[in-house]
Structures are given as structure tokens and as C-alpha cells.
Amino acid sequence: MPTFIVRALKNEPLEIYGDGTQGTDHIYVEDAVEATIRLFESGLIPEKAVEIGSGIEITVNEIAEKIIELTGSASKIIHIPMRRGETPHTRMRADISYLRDVVGFEPKYSFEEGLKKTTEYYKTLIFKS
């Protein structure tokens, strides 16, 4: 995501590996930290790995399009060949049922809200006075 944001802020092309339909799950950093703290403070010791995410899948194409929209960029999306060893049509979505049902965690930030905050952060880094 940082690479897309920086390139969009500079109006450079956003390169997507494959056709961009790969599904991914993203969570804003403040939500990820909150989930981790709640899990720790619960004192529970899960018997298996606990997935931290939003529980919502979004495609790489949708991410790139949203970044271009939020930054007002003139960037174009370019699809390039998949990297060696990558699966073209991966699907990743966190199962947050344990966090929701046992720890009482629900992400506060939507994908777009988190992306707006992240984009604003990168704008301050790139366009410092």
C-alpha cells in the first residue's frame, strides 16, 4: 500500500502484478494494535493462531483505484506479470470471529477511513515544507 500511495502522490504509474483480482484483507494500524492489546489483556491463551484483520476482502485493483481517487492522482494502473512463485488468484480474508466473539473486538476504521488517514500521513512526508 505505501508503494501505491507514494507513486500516486507523484503521479507515477501503479504497477499491479497479475490481473489485480487477488483478494486481500487490510486493517488500519490503530485497529490492529487495539486487537492485539485486547487479546493480551483478556488473559486468554488461544489454542490456535488468532487472525487479526478486518474480515473484509478487497481486490488489488480496488485498492489502486481508491488510492488514485483519494489522492486526486493522474496515475494510471499498469498490470505486469506475476512474480515467480506467486499464485495469480489468491484470496485472503481474516477470520475475526474469535476476536469478535471472545474478545469483543470490532475494527473502528473502515478500509476507506484507514486509507484516508494513511494517505494523509504520506502526503506530510512527501510534501514537507
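The values are calculated or read from the model by the stated rules, or taken from the named source; none is laboratory data. What you see is a predicted model, and the numbers here were worked out from it, not measured in a lab. Neighbour counts run over all protein chains shown; Cβ positions are idealised from the backbone, glycine included.
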Criterion: part of a loop (DSSP other than H, G, I, E, B), at pLDDT 95 or above, charged (D, E, K, R) and on the phi < 0 side of the Ramachandran plot - qualifying residue of E12, E65, E47:
E12
Given the criteria among the small types (G, A, S), without any contact (Cβ under 8 Å) to a residue 60 or more places away in the chain and within 25 Å of G18 (Cα to Cα), does G53 qualify?
yes
Conditions (1) in contact with a helix residue (DSSP H, G or I) (Cβ under 7 Å, 6 or more places away or on another chain); (2) under 21 Å from P2 (Cα atoms); (3) aromatic (F, W, Y) -> F105 fails only (2)
Being of a type in the set (S, T, N, Q), surrounded by fewer than 13 Cβ atoms within 10 Å (Cβ to Cβ), over 15 Å from the mean Cα position of the chain (by Cα) and over 16 Å from Y28 (Cα atoms) narrows it down to one of T87, T71, so name that one.
T87
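Could you look through segment 91-129, keep only residues that are assigned to a helix (DSSP H, G or I) and either touching a Cys at 6+ places or on another chain (Cβ under 8 Å) or small (G, A, S) (or both), and pick out the one that is surrounded by the fewest Cβ atoms within 10 Å (Cβ to Cβ)?
Of everything passing the filter in segment 91-129, S97 is surrounded by the fewest Cβ atoms within 10 Å (Cβ to Cβ).
Has segment 21-41 got at least one residue that is of a type in the set (S, T, N, Q), without any contact (Cβ under 8 Å) to a residue 60 or more places away in the chain and out of contact with any His (no Cβ under 7 Å at 6 or more places or on another chain)? Full working, then the answer.
Quick first cut of segment 21-41, residues of a type in the set (S, T, N, Q) only: 21-22, 24, 36.
Imposing the further condition that a residue be without any contact (Cβ under 8 Å) to a residue 60 or more places away in the chain reduces the set to 36.
Now drop any that are not out of contact with any His (no Cβ under 7 Å at 6 or more places or on another chain), which leaves 36.
Yes, because at least one residue in segment 21-41 is of a type in the set (S, T, N, Q), without any contact (Cβ under 8 Å) to a residue 60 or more places away in the chain and out of contact with any His (no Cβ under 7 Å at 6 or more places or on another chain).
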Run Y28 past the list (1) surrounded by fewer than 17 Cβ atoms within 10 Å (Cβ to Cβ); (2) of a type in the set (S, T, Y); (3) within 13 Å of the chain's Cα centre (by Cα) and report the number of the one that doesn't hold.
(1)
